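Beneath this line is the structure, given in structure tokens, with notes to follow.
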Amino acid sequence: MKQHSVRTHKSAENLPRPQQLAWKIAEVAADPVAVEPAVVEMIGNRIIDNAAVAAASLTRRPVASARAQALAHPFKPGATVFGLAADRRVSPEWAAWANGVAVRELDFHDTFLAADYSHPGDNIPPVLAVAQHCRLDGAALVRGLAAAYEIQVDLVKGICLHEHKIDHIAHLGPSAAAGIGAALNLPAETIYQAVQQALHVTTTTRQSRKGEISSWKAYAPAFAGKMAVEAVDRVMRGEGAPSPAWEGEDGFIAWLLSGPKAEYHVPLPEKGEPKRAILDTYTKEHSAEYQSQALIDLARRMGPRIRQAGGDLSRVKSIVIHTSHHTHYVIGTGANDPQKMDPKASRETLDHSIMYIFAVALEDGGWHHERSYAPERANRPETVALWHKISTVEDPEWTRRYHSHDPKEKAFGGRVVVTLADGSTVTDELAIADAHPLGARPFARAQYIEKFRTLAEGIVSAAEQERFLGAVARLERLDANDLAGLSFAVDPALPGTGATGIFDWNASHGGARSGLSVVA
């Protein structure tokens with residue numbers, strides 16, 4: 001890996017293309033280096049992981065709405081949509097949209113945390129949709145996904161967005177564009193323009209994850225994937241993009257990040273170096289923000305000890321979670337979000353409240369992707385009472401470990417001090433989640449399959465589950481016709497939301513309505 005310095009340049013400096021971050025990203029994406037077997041295996045794992053969480057979210061309103069929007073854009077060859085038969089194809093950017101929302105809705109797929117946050121599995125829907133539509137094979141898909149993961153992880157390592165309240169999809173747009181370019185075997189010049197265009201149109205604020213968090217939290221990564229597809233299509237037709245996107249005098253770093261005097265360092269593979277970044281990422285055992293994963297496991301472990309020491313959880317006087325800056329300020333009391341303590345808050349908001357999550361995990365001895373967020377669960381009086389006794393504080397040592405480059409030191413958990421009514425305390429700590437590659441029960445292919453079967457049970461038939469898993473097992477050997485197999489259908493047909501929008505207006509209102517028109 002080589003560290004690349006990235007800073008603002010005045011227009012008069014005329015920064016040469018080879019020195020621009022977008023060009024360096026494009027060169028990495030276009031480098032035809034072979035994909036290592038361990039990376040191929042992990043890409044298959046993450047395709048299974050995405051399908052698992054998509055299956056569990058199919059009937060949720062945001063997913064049904066996105067699917068309905070996609071179905072209003074049928075296209076051949078087109079791409080598949082989770083839950084629908086393989087012959088029901090839609091335009092690739094809309095497949096990326098619908099599948100991206102399905103994957104992201106439950107906040108239950110893979111993660112990578114460094115200078116910023118990311119869910120690299122968000123790259124899979126747009127790259128897969130383009131691969132299906134353009135009739136690529138499994139090897140091309142693998143090449144594209146290896147590149148997309150590499151670029152996303154490297155950007156997350158080098159550039160912090162959240163400190164400037166920029167949402168992390170600003171790293172996803174460029175990585176998805178790079179992955180699509182790699183899958184299509186496009187020249188570096190084309191990928192360069194697409195990466196810049198994707199950055200330009202996917203830069204949004206973190207208000208989507210602050211305050212009253214709405215369904216846009218699930219839509220935002222899907223939007224980035226959709227924009228990446230459109231960006232690549234546009235530049236393939238010979239169009240350009242704002243340049244240099246990161247380093248420009250009025251560009252991303254100068255006005256949206258740390259300003260003209262700032263310098264970032266982004267690691268990227270050198271020419272001929274394998275793209276292995278996916279191996280640095282990790283999935284979730286629990287459907288909640290990643291910083292809560294280890295703390296859910298810790299609550300599961302501490303619950304019996306607290307009951308043994310105090311009799312029951314009603315005797316808890318206070319719980320203080322000593323943790324990293326990120327956890328304290330994003331999902332802890334350091335966020336100063338009253339919604340994080342509100343039993344009437346949305347599922348998306350509760351997912352970003354470690355106080356709520358820790359309370360429920362203590363009471364229930366675990367976490368469930370539906371039951372743990374149910375309104376009746378959040379409004380349980382004893383849960384609310386316990387929840388409001390929990391606070392977080394930043395511990396410099398946990399912050400240091402959060403940012404450590406040493407995998408054996410890097411930590412996303414914390415130390416919990418429970419004070420009981422009699423003044424006695426119960427203390428424990430956990431650095432990484434049990435499912436983490438270095439955790440107590442690291443996920444491998446068997447665990448990904450188990451997660452898929454668990455979440456797909458009662459939704460996807462056993463035969464369809466087997467067919468899908470068989471396709472993933474042959475990932476690199478799939479031909480263009482087989483690539484549609486990396487989705488699944490359900491029976492009976494999926495329900496809609498009952499609501500209509502612009503795209504299905506005519507169908508729901510009996511055809512076009514009369515009105516004035518002007519002909520030039």
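In the range 108-135, which residues are surrounded by fewer than 23 Cβ atoms within 10 Å (Cβ to Cβ) and of a type in the set (A, V, I, L, M)? Matches in the range 108-135: LEU113, ALA114, ALA115.
Just a yes or no: is a residue in the range 251-258 touching a residue at least 40 places away in the same chain (Cβ under 8 Å), part of a loop (DSSP other than H, G, I, E, B) and not polar (S, T, N, Q)?
yes
Every condition in (1) among the polar types (S, T, N, Q); (2) assigned to a helix (DSSP H, G or I); (3) modelled with pLDDT of 95 or more is met by GLN308 except one, and the failing one is (3).
Tell me the helices (runs of 4 or more DSSP H) entirely within the range 348-431 that contain at least 2 residues that are touching a Phe, Trp or Tyr at 6+ places or on another chain (Cβ under 7 Å).
354-364
Checked against (1) part of a helix (DSSP H, G or I); (2) at pLDDT below 95, ILE213 passes all but a single condition, namely (1). Of all residues in the range 10-19, one or more are more than 24 Å from ARG467 (Cα to Cα), in a loop (DSSP other than H, G, I, E, B) and of a type in the set (A, V, I, L, M).
Scanning the range 143-180 for residues that are surrounded by fewer than 24 Cβ atoms within 10 Å (Cβ to Cβ) and among the β-branched types (Val, Ile, Thr) yields a count of 1. Just one residue in the set ALA64, ALA51, ALA34 is modelled with pLDDT of 95 or more, crowded, with 24+ Cβ neighbours inside 10 Å and either outside any helix (DSSP H, G or I) or not hydroxyl-bearing (Ser, Thr, Tyr) (or both); that residue is ALA51. Evaluate the following for ASP312: is it of a type in the set (D, E, K, R), closer than 20 Å to LYS217 by Cβ and in the same structural domain as ALA374 (by TED's automatic domain parsing)? It is false that ASP312 is of a type in the set (D, E, K, R), closer than 20 Å to LYS217 by Cβ and in the same structural domain as ALA374 (by TED's automatic domain parsing).
Kindly indicate whether any position in the range 435-446 is outside the structural domain of GLY303 (by TED's automatic domain parsing), outside any loop (DSSP other than H, G, I, E, B) and either at pLDDT 95 or above or not small (Gly, Ala, Ser) (or both). Within the range 435-446, one or more residues are outside the structural domain of GLY303 (by TED's automatic domain parsing), outside any loop (DSSP other than H, G, I, E, B) and either at pLDDT 95 or above or not small (Gly, Ala, Ser) (or both). Restricting attention to the range 215-247, the residues being touching an Asp or Glu at 6+ places or on another chain (Cβ under 8 Å), farther than 28 Å from GLY259 by Cα and of a type in the set (Lys, Arg) number 1.
Selection of the range 307-328 for residues being of a type in the set (D, E, K, R) and more than 15 Å from ASP428 (Cβ to Cβ) yields ASP312, ARG315, LYS317. The residue of the range 267-288 that is surrounded by the most Cβ atoms within 10 Å (Cβ to Cβ), among those that are polar (S, T, N, Q) and more than 18 Å from GLY179 (Cβ to Cβ), is THR283.
Within the range 332-356, the set of residues being more than 19 Å from SER214 (Cβ to Cβ) and either in contact (Cβ under 8 Å) with a residue 40 or more places away in the chain or of a type in the set (Val, Ile, Thr) (or both) comprises GLY332, THR333, GLY334, ILE354. Residue count for the range 304-344 satisfying the condition of being of a type in the set (Gly, Ala, Ser), closer than 23 Å to HIS369 by Cβ and surrounded by fewer than 18 Cβ atoms within 10 Å (Cβ to Cβ): 0.
The values are calculated or read from the model by the stated rules, or taken from the named source; none is laboratory data. The structure presented is a predicted model; accordingly, all values stated were derived computationally and were not measured. With ideal geometry, Cβ positions are generated from the backbone for all residues, glycine too; neighbour counts draw on all protein chains shown.
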